[in-house]
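My questions all concern the structure below.
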Amino acid sequence: MSVLDIFPESSSQPVAPPAGAPEPAPRLSQPRLSRLSHLRQLEAESIHILREVASEFERPVMLYSIGKDSSVMLRLAQKAFYPAPIPFPLLHIDTGFKFREMIEFRDNMAREVGAELLVWRNEPAIAAGTNPIALDTKRCCGLLKTQALLDGLRHYNFDAAFGGARRDEEKSRAKERIYSFRDGAGQWDPKNQRPELWNLYNARIHPGESIRVFPLSNWTEMDVWQYIHEEKIPVVDLYFAKERPMYVRGESLLPIEQSFVALPGEKPRMVKSRLRSLGCSPCTGAIRSDAGTIPEIIAELLSFRSSERANRVIDHDQEGSMELKKREGYF
Amino acid sequence: MTTLAENKFSIDDFMAAERAKDLLRFSTAGSVDDGKSTLIGRLLYDTQSVYEDQVRSIEGKGTTAPGQIDFALLTDGLRAEREQGITIDVAYRYFSTARRKFIIADTPGHEQYTRNMATGSSTADATIVLIDASKGVLPQSRRHAYIASLLRVRYVLVAVNKMDLAGYSEERFGAIKADFSALLDQIAADTGNPVEARFIPVSALAGDNVVHRSEAMPWYSGPSLLELLESLPPAQQSNSAPLRFAVQRVLRPDASFRGFAGQVASGTVRPGDAITALPSGRTARIARIVTFDGDLEQAHAPLSVTLVLDREIDISRGDLIVSSDAPATVATEIEASLVWMDAQELAPNRRYLLKHASHVVPAVVARIHHRVPLESQSDPTAQSLAHTEATTLGMNQIGVVSLRLLRPIAVDRYGDNRLTGAFILIDQASNSTVAAGMIRAAVALPQSQAAQLLQTAITGPVTSRERFVRWGHRGGVLALTGSIAIADQVERVLFQEGMVTLRLETPAGEGAHFREEAASLDQTAHCAAQAGLLVLIVTASDERSLIVHAADHQATLSTEDPQRISTEIHALLTEAGMLAQPWRPDYEI
Ligand SMILES: Nc1nc2c(ncn2[C@@H]2O[C@H](COP(=O)(O)OP(=O)(O)OP(=O)(O)O)[C@@H](O)[C@H]2O)c(=O)[nH]1
Ligand SMILES: [Mg+2]
């Protein structure tokens, strides 16, 4: 018989296990197995992806957003090419609304790693005073993030761009390939993605087209923090709980930055808080937290009942808003 | 908000427990609407793997009765999917239990999106095939089971779903189990890959036997689906398999260091090991295994590392480093199962790009042995998997073919190695990924021939060998006499397949001038053939057919159908030795 039945129990000959009995061990003799922890497996997969892209594209770039995922991705890039330097530049899309600590951290990090750092801003839109309060968040993101990204990639003529997005972040991201094909306008067509089998990636594109690559596709938020802990990867201080001045609006904690527009009579209060995910200051809410260290952040993560992006204003503008943004060229 | 002071969380204990967990990748399969996404949603929900805001965002939506959450919406993340109530592309989801981490690929059942199912299953250790208890085994259940078997997904869990609609009937479950077992046997006989199947009655909507054992089916005493998933033997690579390591990149930060970056596809590597670089056949020993975190004493699959050898040998991206004791097969002719995934059907003899491990080589499908007929049948279980002859493969069709590669590569049988036995085909014009291939056999190329083929001078005159590798044929003369329309087609077919041709028309008339012209034409043809071109000397006549001479061989074409012309011309070129590897000089008179 070619259909083997190797399982502990077979429902064709039901044998009720005695109450409370442990699961019987599988009958298969187990070969000597590599017992790599799942973090090592994820790391190996990501490094494989980084090396493939660096070897198959002419002008790859790593989008560096300063957050925890970017920090992990950057470390993986160091590992992938060690002892050689990282063979592509980093590109930060700066909306002008990033927290001060983020910008300082970015510049230090690039210097330490020895990578070339490029910064691209949609200067005309920034000069015109684009902000999420005057415009809606969707249009603000469209100009300061999506448009800036597309312009920046085109300016430098990059044909592949790494992003730190994970599939567990959001349900349209869960649908995206590791090599996400983008047409000449940077757009994603979710209904017509290239098949992607095994670890064989199709890097072929016509001039003007590009690939967005997500080496952290299979990582979860928990994996990222565990890796940061194990590898002692530096992250921005905003992730750690501290007494910080905040405007408290209902459930929301709004951090104070130069761009903040207070309501009449509104006063900031000191609140022990931190950011779970880093974005633009007007659109990123903080959470109340006592987690001042990475182990405490991991413990806190185990207790969360809401997703990482629940504190982001931008993803909720509209049903399927992330998908729409991605189709327009967003990461 | 947690108060950390009072809870006894120890990061070291936690990380130790996490490290002890292994990783299992599984996918779903089955016909459209059998409940795959609902099942995954239920699994995530009942294991508390979804956040509250994610549940809130789907409450009151979807296709289910009021008050009943439509769990499929947890994975059907595209707008088009929610509008149409079907899955279009794979959704990847992640969850873990106390024992294991899981990566789920929830794939679409709709026939049109079969390639996305193949995408999701290609990396899976296990697949859950769903069967709707109220409908029984459907053609698409069979197609998916076949693909899963072809891809060598090791475990098949057959979830007979919607038991609530079948009155939780033991008879119904038994009947489906009997049908599907027979089918799995048939499939295993055809693919040569036995699957290890287990049947389980569930209701994804009601949650019966998904995470918790159900009270509704006292006749079933087996484990729940989650219990089964947790108890499957880990499907990681065995360390004792022979070493396979595809070089992705040569790292040369300075003159003193030269390392080969790649991922261990199988086996274990240690300093001192004797290795062979394929296809060149050069040998060396491992000097160091370098990583950012320090040198390693050994590395096994699937680690990504950098290997340094004890001597300078010429290795570049695309080479396969293998254990000298158990090398892979170097070949230019392979036989493989193909799953065709493109709307434009397979064109035999046309040049595609074949991506295997870390290299890309031009390849043509020289022959289609058969197609496996998996199309809709009223009774899928009655049909034996008789093979049908085929001249092409269309979207979602599966067949066995022979491929001819223009450069030798080192391969294993897919049955022996899932990474070095797999490839994809890419269409050079559209850049689409058009097929997934699994190697069944490879004709070993004698090392001397492989070495010759690989020899490419970087300086000096271009050799015939180099032209062959680029163009896929040797030089030669074809005399075409007869229908000009068919001659045009022959030229076009060869052109489209990427051959380099030169067309010459014979001069009309007689006399001294004619003889002179004819002689100069012969001379031109001779020169061009020596330079590696396929020269077509066309002599038009009023005939309805076309006679083609090549060396001492001849074929008569009486059709303008490009596919048939292609087949016949290729047979002729093969007979005339123009497609053979260039051990001989191009053109002998
Ligand atoms: N009664 C009943 N209905 C179910 C059950 N499981 C799923 N359904 C319903 O069957 C329909 C299809 O479910 P899906 O989960 O979308 O099916 P699918 O297999 O993912 O479909 P595709 O991905 O499009 O192939 C939905 O209306 C579900 O609510 C079940 O156990 N019992
Ligand atoms: Mg579905």
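The values are calculated or read from the model by the stated rules, or taken from the named source; none is laboratory data. Because the structure is a prediction, the values reported are computed rather than measured. Because the Cβ atoms are built from the backbone with ideal geometry, glycine has one as well, and the counts that use them run over all protein chains shown. All accessible areas refer to the heavy atoms of the entire protein, side chains included, with ligands and DNA or RNA removed. Shrake-Rupley method; radii C 1.70, N 1.55, O 1.52, S 1.80 Å.
What translational D, rounded to a whole number of µm²/s, comes out for chain B from Stokes-Einstein when the hydrodynamic radius is the Kirkwood one over Cα pairs, at 37 °C and 0.692 mPa s?
Numbers: Rh = 27.5 Å.
Value of D from the Cα-based Kirkwood radius: 119 µm²/s.
Sorted by accessible area with a 1.4 angstrom probe, largest first, how do B:TYR414, B:TYR168 fall?
On the way: B:TYR414 10, B:TYR168 55 Å².
Of B:TYR414, B:TYR168, the descending order of accessible area is B:TYR168, B:TYR414.
Compare the Cα positions of B:GLN140, B:ALA126, B:ALA189 along the charge dipole of region B:125-197 (+1 at Cβ of Lys, Arg; -1 at Cβ of Asp, Glu; about the Cα centre) and return the one farthest towards the positive end.
Of the options given, the answer is B:GLN140.
Something else about it: I'd like the projected area of the protein assembly as shown, averaged over all directions, using the convex hull of its alpha carbons. Report it in nm² with one decimal.
Numbers: hull surface 176.1 nm².
Hull-based average projected area comes out at 44.0 nm².
Please report, in cubic angstrom per residue, the volume enclosed by the convex hull of the alpha-carbon atoms of region A:136-227. All intermediate terms of the calculation are to be shown ahead of the outcome.
On the way: hull volume 11.8 nm³, N = 92.
Per residue, the Cα convex hull of region A:136-227 comes to 129 Å³.
Here's another thing I want to ask about it. When you count, for each residue, the other Cβ atoms within 10 Å and take the mean per peptide, how do A:272-278, B:523-529 rank with the highest first?
Numbers: A:272-278: 22.1, B:523-529: 16.7.
Packing order, densest peptide first, comes out as A:272-278, B:523-529.
Can I ask one more? Taking one equal scatterer on every alpha-carbon of region A:82-150, how large is log10 of I(q)/I(0) by Debye at q = 0.16, 0.18, 0.23, 0.27 1/Å?
Each listed q maps to, in turn, -0.63, -0.74, -0.99, -1.17.
Let me ask something else about it. Which of the helices in chain B, when you take each full DSSP H run, stretch at least 24 Å along the axis at their Cα atoms and have an average Kyte-Doolittle score of 1.6 or higher?
On the way: long enough: B:170-191 (31 Å, 0.00); B:512-530 (27 Å, -0.53).
Sorted by number, there is nothing, because no helix extends far enough and scores high enough.
Quick one: Cα centre-to-centre distance for region B:176-248 and region B:499-544, in angstrom?
About 65 Å separates the Cα centre of region B:176-248 from the one of region B:499-544.
Plugging the Kirkwood radius over Cα pairs into Stokes-Einstein for region B:243-365, at a temperature of 10 °C and a viscosity of 1.306 mPa s, what D comes out in µm²/s?
On the way: Rh = 15.8 Å.
The diffusion coefficient I find is 101 µm²/s.
Let me ask something additional. What percentages make up the Cα-Cα pair-distance distribution of region B:222-313 when the bins are 5 Å wide from 0?
3, 12, 21, 23, 13, 7, 6, 5, 4, 3, 1, 1, 0
Using the charge dipole of the protein assembly as shown (Lys, Arg: +1 at Cβ; Asp, Glu: -1 at Cβ; taken about the Cα centre), state which of A:ASN108, B:SER256, B:THR107 has its Cα farthest towards the positive end.
So the residue furthest toward the plus end is A:ASN108.
If you roll a 1.4 Å probe over region B:244-323 with all protein chains in place, what percent of the accessible area is carbon or sulfur?
On the way: 1290 of 2980 Å².
Heavy-atom surface of region B:244-323 belonging to carbon and sulfur, 1.4 Å probe: 43 percent.
Cα centroids of region B:51-82 and region A:141-178: how far apart, whole angstrom?
26 Å
So how strong a dipole does the protein assembly as shown carry about its Cα centre when Lys and Arg Cβ are +1 and Asp and Glu Cβ are -1, to the nearest 20 debye?
Numbers: 100 positive and 114 negative charges, 363 e Å.
Magnitude of the dipole: close to 1740 debye.
Let me ask something else. Order A:GLU56, A:GLU112, A:GLU123 by their accessible area, 1.4 angstrom probe, all chains in place, largest first.
On the way: A:GLU56 55, A:GLU112 140, A:GLU123 95 Å².
Heavy-atom accessible area, descending, gives A:GLU112, A:GLU123, A:GLU56.
Any idea what the dipole of region B:1-134 comes to, in debye rounded to 20, about its Cα centre with Lys/Arg Cβ at +1 and Asp/Glu Cβ at -1? Please report the intermediate quantities before stating the final value.
On the way: 15 positive and 20 negative charges, 60 e Å.
Taking the Cα centre of region B:1-134 as origin, the dipole is about 280 debye.
Still on this structure, please answer the following. Hey, got a sec? Which trypsin sites (Lys or Arg not before Pro) in region A:179-244 land in a DSSP loop and have at most 10 other Cβ atoms within 10 Å? Don't jump to the answer; show the numbers that get you there.
Numbers: sites: A:ARG182, A:LYS191, A:ARG204, A:ARG212, A:LYS232, A:LYS242; in loops: A:LYS191, A:ARG204, A:LYS232.
Sites meeting the loop and neighbour criteria: A:LYS232.
When the gyration tensor of region A:224-316 is built from Cα positions, what are the square roots of 5 times its three eigenvalues, in whole Å, from largest to smallest?
Working: eigenvalues 120, 37, 30 Å².
Its equivalent ellipsoid spans semi-axes of 24, 14, 12 Å.
Would you pull out the residues with amide H under 5 Å of B:ASP132's amide H, same chain only if 5 or more places away, H placed 1.01 Å from N?
Excluding prolines and chain starts, which carry no amide H, the hits are B:ASN161.
Further question on the same structure: Peptide A:46-58: average number of partner chain Cβ atoms within 10 Å per residue? Write out the running numbers ahead of the final one.
On the way: counts 1, 10, 10, 2, 4, 11, 5, 0, 3, 8, 6, 0, 0.
That works out to 5 on average.
Got a number for carbon plus sulfur as a percent of region A:130-266's accessible area, 1.4 Å probe? Present the calculation step by step, with values, prior to reporting the outcome.
On the way: 2650 of 5060 Å².
In region A:130-266, the share of accessible area belonging to carbon and sulfur is 52 percent.
Per DSSP H run of at least 4 residues, take -39500 (n - 2.57); add these up for the protein assembly as shown, divide by its residues and hand me the 222 nm value, nearest 500 deg cm²/dmol.
-7500 deg cm²/dmol
Mind grabbing the base-10 log of I(q)/I(0) for region B:140-226 at q = 0.20 Å⁻¹? Debye formula, identical points on the C-alpha positions, no solvent, two decimal places.
-0.91
Let me ask you something else. Which far-off residues, 5 or more places away or on another chain, put their amide H under 5 Å from the one on A:LEU118, with H placed in the peptide plane?
A:LEU90, A:LEU91, A:HIS92
First compute the accessible area of region B:17-231 with a 1.4 Å probe, then give the percent of it belonging to carbon and sulfur atoms. Let's see the in-between values first.
On the way: 3170 of 6580 Å².
The value for region B:17-231 is 48 percent carbon and sulfur by accessible area.
Over region B:465-575, calculate the relative contact order: mean separation of alpha carbon pairs under 8 Å at least 6 apart, over the residue count, as a percent. Before the final figure, lay out each step's value.
On the way: 182 pairs, mean separation 43.3, N = 111.
It comes to 39 percent, rounded to a whole number.
Picking from A:GLY208, B:SER203, A:LEU39, whose Cα lies most toward the positive end of the charge dipole for the protein assembly as shown (charges on Cβ: Lys, Arg +1; Asp, Glu -1)?
After comparing all options, I get A:LEU39.
Would you grab the residues whose amide H sits under 5 Å from the one on B:ARG282? Only those 5+ places off in sequence or on another chain, please, with H modelled 1.01 Å from N.
Here the answer is B:ALA277, since their amide H atoms fall under 5 Å of that of B:ARG282.
Also, I was wondering about something else. To the nearest µm²/s, what D does Stokes-Einstein give for region B:465-575 at 25 °C and 0.890 mPa s, using the Kirkwood radius over alpha carbon pairs as Rh?
On the way: Rh = 14.3 Å.
Translational D for this selection: 171 µm²/s.
Mind checking which aspartates and glutamates have their C-alpha under 15 Å from B:LYS61, skipping anything on the same chain fewer than 8 residues away?
Here the aspartates and glutamates satisfying the reach criterion relative to B:LYS61 are A:GLU319, B:ASP53, B:ASP70, B:ASP76, B:GLU81, B:GLU83.
Starting from the eigenvalues of the Cα gyration tensor, five times each then square-rooted, give me the equivalent ellipsoid semi-axes of region B:399-455, largest first, whole Å.
Values: eigenvalues 94, 55, 18 Å².
Working from the Cα gyration tensor, I get semi-axes of 22, 17, 10 Å.
Only four residue types carry charge here, +1 at the Cβ of Lys and Arg and -1 at the Cβ of Asp and Glu. Report the dipole size of chain B about the Cα centre in Debye, rounded to the nearest 20. Can you show the working numbers first?
Details: 55 positive and 69 negative charges, 255 e Å.
Magnitude of the dipole: close to 1220 debye.
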